[in-house]
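Before any comments, here is the structure.
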Amino acid sequence: MKDCNYIDAKTFDDFKENQNKLIEVLNHNMTKMANNVSWIKTLLITQIGVVLALSFGILLKGWSS
C-alpha cells in the first residue's frame, strides 16, 4: 500500500488538515475513474443506436408486408 503523509490529529487544525488531504485524494481517484470509464458510455450509445436501427427496420418491414 502507498505511504501516506497523514499526521496524528492532536488538535482540530490537524484533524481538518487530515480531512482535507483525504478529500483531495478521493476526488482525484474519482476523477481518474470517470476518465477511465468514458469508453463505456461510447459503447453503450453505439449499442443503443444499433438496437434502435434494427427495431425500426423490423417495424418498417412488418408494416410494408
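Brief remarks on what is shown
- Residue, modelled with the highest pLDDT, within the stretch 1-22, restricted to residues that are surrounded by 11 or more Cβ atoms within 10 Å (Cβ to Cβ) and assigned to a loop (DSSP other than H, G, I, E, B): A9
- Residue check, M30 hydrophobic (A, V, I, L, M, F, W, C), at pLDDT below 75 and part of a helix (DSSP H, G or I): yes
The values are calculated or read from the model by the stated rules, or taken from the named source; none is laboratory data. Keep in mind it's a predicted model, so treat the numbers as computed, not measured. Because the Cβ atoms are built from the backbone with ideal geometry, glycine has one as well, and the counts that use them run over all protein chains shown.
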